[in-house]
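Chemist: The structure that follows is given in the form of C-alpha coordinates.
The values are calculated or read from the model by the stated rules, or taken from the named source; none is laboratory data. Since the structure is predicted, the reported quantities are computational estimates derived from the model, not experimental observations. Reconstructed Cβ throughout: ideal geometry from the backbone, glycine too, with neighbour counts over all protein chains shown. Remember, those area values only see protein heavy atoms, side chains included, never the ligands or the DNA or RNA. Shrake-Rupley method; radii C 1.70, N 1.55, O 1.52, S 1.80 Å.
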Amino acid sequence: MTSRLVRGPQHADPQTALAAVRAALPRPGIELEEMDSPTRIAPTSLAFSGQVVGGCPEEPLATGRFVLLHDPEAPEEWEGPWRVVVYVGAQVEPELATDPLFAEVGAEWLREALAMQHCTYVAESGTVTRSTSTAFGAREEQAPQVELEIRASWTPLDRDLLRHLEAWRDLLAMVGGTPPVPTGVTPLRGAR
(Lines give C-alpha, C1' and ligand atoms only; values in the text may rest on other atoms or scores of the structure.)
Protein backbone atom coordinates (compact mmCIF):
# COMPACT_ATOMS: atom_id res chain seq x y z
CA MET A 1 0.00 0.00 0.00
CA THR A 2 1.41 3.38 -0.98
CA SER A 3 0.89 6.34 1.25
CA ARG A 4 0.51 9.79 -0.20
CA LEU A 5 1.49 13.04 1.34
CA VAL A 6 -1.50 15.03 2.57
CA ARG A 7 -0.58 18.65 3.19
CA GLY A 8 -2.39 21.59 4.62
CA PRO A 9 -4.49 22.33 7.65
CA GLN A 10 -6.07 18.85 7.67
CA HIS A 11 -6.56 18.97 11.43
CA ALA A 12 -8.55 22.22 11.27
CA ASP A 13 -12.21 21.73 12.14
CA PRO A 14 -14.09 22.57 8.92
CA GLN A 15 -16.98 24.38 10.61
CA THR A 16 -14.63 26.51 12.74
CA ALA A 17 -12.51 27.33 9.69
CA LEU A 18 -15.56 28.30 7.62
CA ALA A 19 -16.92 30.45 10.48
CA ALA A 20 -13.60 32.33 10.58
CA VAL A 21 -13.80 33.03 6.84
CA ARG A 22 -17.44 34.15 7.16
CA ALA A 23 -16.31 36.66 9.81
CA ALA A 24 -14.19 38.58 7.29
CA LEU A 25 -14.32 42.30 7.96
CA PRO A 26 -15.86 44.45 5.22
CA ARG A 27 -13.42 46.13 2.90
CA PRO A 28 -14.06 49.62 1.45
CA GLY A 29 -14.88 49.50 -2.25
CA ILE A 30 -15.58 45.76 -2.34
CA GLU A 31 -19.05 44.34 -1.85
CA LEU A 32 -19.06 40.75 -0.64
CA GLU A 33 -22.07 38.45 -0.42
CA GLU A 34 -22.31 34.82 0.60
CA MET A 35 -23.91 32.70 -2.09
CA ASP A 36 -24.96 29.08 -2.54
CA SER A 37 -21.90 26.88 -2.61
CA PRO A 38 -21.34 23.72 -4.64
CA THR A 39 -22.57 20.56 -2.94
CA ARG A 40 -21.33 17.85 -5.31
CA ILE A 41 -17.63 18.74 -5.34
CA ALA A 42 -16.93 18.41 -1.61
CA PRO A 43 -18.90 17.56 1.55
CA THR A 44 -18.29 21.02 3.05
CA SER A 45 -18.04 24.29 1.16
CA LEU A 46 -18.52 28.04 1.34
CA ALA A 47 -18.88 30.54 -1.50
CA PHE A 48 -18.88 34.32 -1.89
CA SER A 49 -19.53 36.63 -4.81
CA GLY A 50 -17.81 39.97 -4.84
CA GLN A 51 -17.53 43.12 -6.85
CA VAL A 52 -15.36 46.21 -6.87
CA VAL A 53 -17.65 49.21 -6.90
CA GLY A 54 -16.64 52.57 -8.27
CA GLY A 55 -18.76 55.59 -9.05
CA CYS A 56 -21.59 53.52 -10.54
CA PRO A 57 -22.76 50.47 -8.52
CA GLU A 58 -24.69 49.15 -11.55
CA GLU A 59 -21.39 48.80 -13.43
CA PRO A 60 -18.80 47.22 -11.13
CA LEU A 61 -15.13 47.63 -11.98
CA ALA A 62 -14.55 43.89 -11.42
CA THR A 63 -16.59 40.88 -10.33
CA GLY A 64 -15.63 37.53 -8.91
CA ARG A 65 -16.36 34.41 -6.93
CA PHE A 66 -14.49 32.71 -4.08
CA VAL A 67 -15.21 29.08 -3.18
CA LEU A 68 -13.63 27.22 -0.27
CA LEU A 69 -14.01 23.44 -0.39
CA HIS A 70 -13.24 20.82 2.27
CA ASP A 71 -13.03 17.09 1.66
CA PRO A 72 -11.58 15.02 4.55
CA GLU A 73 -10.63 12.37 1.96
CA ALA A 74 -8.07 14.84 0.54
CA PRO A 75 -8.42 14.17 -3.21
CA GLU A 76 -5.05 13.31 -4.70
CA GLU A 77 -5.05 16.21 -7.18
CA TRP A 78 -5.72 18.65 -4.32
CA GLU A 79 -2.76 17.41 -2.25
CA GLY A 80 -4.74 18.21 0.90
CA PRO A 81 -8.26 18.40 2.35
CA TRP A 82 -8.94 22.06 1.46
CA ARG A 83 -9.22 23.70 -1.97
CA VAL A 84 -9.75 27.33 -2.94
CA VAL A 85 -11.37 28.06 -6.32
CA VAL A 86 -11.61 31.65 -7.57
CA TYR A 87 -12.83 33.64 -10.53
CA VAL A 88 -12.15 37.32 -11.25
CA GLY A 89 -13.30 39.22 -14.32
CA ALA A 90 -13.19 42.82 -15.53
CA GLN A 91 -13.18 44.99 -18.59
CA VAL A 92 -9.65 46.29 -19.26
CA GLU A 93 -8.01 48.82 -21.58
CA PRO A 94 -8.24 47.93 -25.29
CA GLU A 95 -4.43 48.21 -25.64
CA LEU A 96 -4.12 45.00 -23.59
CA ALA A 97 -5.85 43.03 -26.36
CA THR A 98 -2.58 42.65 -28.24
CA ASP A 99 -0.17 42.51 -25.30
CA PRO A 100 1.77 39.22 -25.58
CA LEU A 101 2.41 39.20 -21.80
CA PHE A 102 -1.26 39.56 -20.93
CA ALA A 103 -1.69 36.01 -19.56
CA GLU A 104 1.56 36.17 -17.61
CA VAL A 105 0.48 39.43 -15.96
CA GLY A 106 -2.84 37.89 -14.84
CA ALA A 107 -1.06 34.90 -13.27
CA GLU A 108 1.47 37.22 -11.63
CA TRP A 109 -1.33 39.35 -10.12
CA LEU A 110 -2.70 36.19 -8.49
CA ARG A 111 0.71 35.21 -7.08
CA GLU A 112 1.29 38.78 -5.87
CA ALA A 113 -2.09 38.82 -4.09
CA LEU A 114 -1.28 35.52 -2.36
CA ALA A 115 2.17 36.81 -1.36
CA MET A 116 0.73 40.07 0.06
CA GLN A 117 -1.39 37.99 2.46
CA HIS A 118 1.52 35.63 3.27
CA CYS A 119 -0.44 32.64 1.97
CA THR A 120 1.25 29.28 1.60
CA TYR A 121 -0.19 26.87 -0.93
CA VAL A 122 0.46 23.99 -3.33
CA ALA A 123 -1.16 22.54 -6.45
CA GLU A 124 -1.85 25.93 -8.06
CA SER A 125 -3.62 25.80 -11.41
CA GLY A 126 -5.68 28.12 -13.55
CA THR A 127 -6.26 30.06 -16.71
CA VAL A 128 -6.12 33.68 -17.82
CA THR A 129 -8.54 34.47 -20.63
CA ARG A 130 -8.81 37.57 -22.77
CA SER A 131 -11.76 38.19 -25.02
CA THR A 132 -12.25 41.08 -27.40
CA SER A 133 -15.63 42.33 -28.63
CA THR A 134 -15.71 44.50 -31.73
CA ALA A 135 -18.97 46.12 -32.74
CA PHE A 136 -20.19 46.34 -36.34
CA GLY A 137 -23.11 47.73 -38.31
CA ALA A 138 -25.17 50.31 -36.43
CA ARG A 139 -22.84 49.91 -33.44
CA GLU A 140 -19.54 50.15 -35.34
CA GLU A 141 -18.58 53.45 -33.70
CA GLN A 142 -18.52 51.73 -30.32
CA ALA A 143 -14.94 51.15 -29.13
CA PRO A 144 -13.71 47.56 -28.87
CA GLN A 145 -14.09 46.01 -25.42
CA VAL A 146 -11.52 43.72 -23.85
CA GLU A 147 -12.43 41.42 -20.97
CA LEU A 148 -9.98 39.71 -18.62
CA GLU A 149 -10.89 36.55 -16.71
CA ILE A 150 -8.71 34.79 -14.17
CA ARG A 151 -9.83 31.35 -13.01
CA ALA A 152 -7.59 29.63 -10.50
CA SER A 153 -7.47 27.07 -7.74
CA TRP A 154 -4.93 26.06 -5.11
CA THR A 155 -4.61 24.07 -1.91
CA PRO A 156 -4.00 26.27 1.14
CA LEU A 157 -1.40 25.11 3.65
CA ASP A 158 -2.23 27.77 6.26
CA ARG A 159 -4.45 27.16 9.27
CA ASP A 160 -5.73 30.73 8.76
CA LEU A 161 -7.90 30.27 5.68
CA LEU A 162 -9.13 33.86 5.91
CA ARG A 163 -5.81 34.92 4.34
CA HIS A 164 -6.87 33.21 1.13
CA LEU A 165 -10.18 35.13 1.01
CA GLU A 166 -8.20 38.34 1.58
CA ALA A 167 -5.82 37.41 -1.26
CA TRP A 168 -8.82 36.94 -3.58
CA ARG A 169 -10.16 40.36 -2.54
CA ASP A 170 -6.72 41.85 -3.26
CA LEU A 171 -6.77 40.23 -6.70
CA LEU A 172 -10.29 41.55 -7.30
CA ALA A 173 -9.09 45.07 -6.41
CA MET A 174 -6.01 44.78 -8.68
CA VAL A 175 -8.04 43.60 -11.66
CA GLY A 176 -10.62 46.32 -10.97
CA GLY A 177 -7.88 48.95 -11.18
CA THR A 178 -7.99 49.96 -7.53
CA PRO A 179 -5.04 49.42 -5.20
CA PRO A 180 -5.62 46.76 -2.55
CA VAL A 181 -6.20 48.22 0.91
CA PRO A 182 -4.76 46.29 3.86
CA THR A 183 -7.36 44.95 6.28
CA GLY A 184 -8.12 47.49 9.00
CA VAL A 185 -6.96 50.47 6.92
CA THR A 186 -9.50 52.97 5.60
CA PRO A 187 -8.53 54.73 2.35
CA LEU A 188 -8.61 58.52 2.29
CA ARG A 189 -11.27 59.93 0.02
CA GLY A 190 -10.37 62.61 -2.50
CA ALA A 191 -11.59 66.17 -2.08
CA ARG A 192 -14.94 66.93 -3.67
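Chemist: Report the local net charge at residue 173: Lys and Arg +1, Asp and Glu -1, summed over other residues whose C-beta lies under 14 Å from its C-beta.
Modeler: Details: positive: 27, 169; negative: 31, 112, 166, 170.
It works out to a net charge of -2.
Chemist: Still on this model: Kindly report, to the nearest 10 Å², the accessible surface of residue 128 as traced by a 1.4 Å probe over protein heavy atoms only.
Modeler: Here the residue's solvent-accessible area equals roughly 40 Å².
Chemist: First obtain the Kirkwood hydrodynamic radius of the range 47-120 from its Cα pairs, then insert it into the Stokes-Einstein equation at 20 °C and 1.002 mPa s, and state the resulting D in µm² per second as a whole number.
Modeler: On the way: Rh = 14.9 Å.
Diffusion coefficient, whole number: 144 µm²/s.
Chemist: In whole Å, largest first, what are the principal axis extents of the Cα atoms in the range 88-157?
Modeler: Dimensions of the range 88-157 along the principal axes of its Cα atoms: 53, 19, 16 Å.
Chemist: Okay, moving on. What whole-number volume per residue, in cubic angstrom, does the convex hull of the C-alpha atoms of the range 7-136 give?
Modeler: Working: hull volume 20.5 nm³, N = 130.
Looking at the range 7-136, the number lands at 158 Å³ per residue.
Chemist: Shifting gears a bit: First compute the accessible area of the range 29-142 with a 1.4 Å probe, then give the percent of it belonging to carbon and sulfur atoms. Kindly include the intermediate steps, with their values, before the conclusion.
Modeler: Numbers: 3320 of 6680 Å².
Ligands and nucleic acids excluded, carbon and sulfur give 50 percent.
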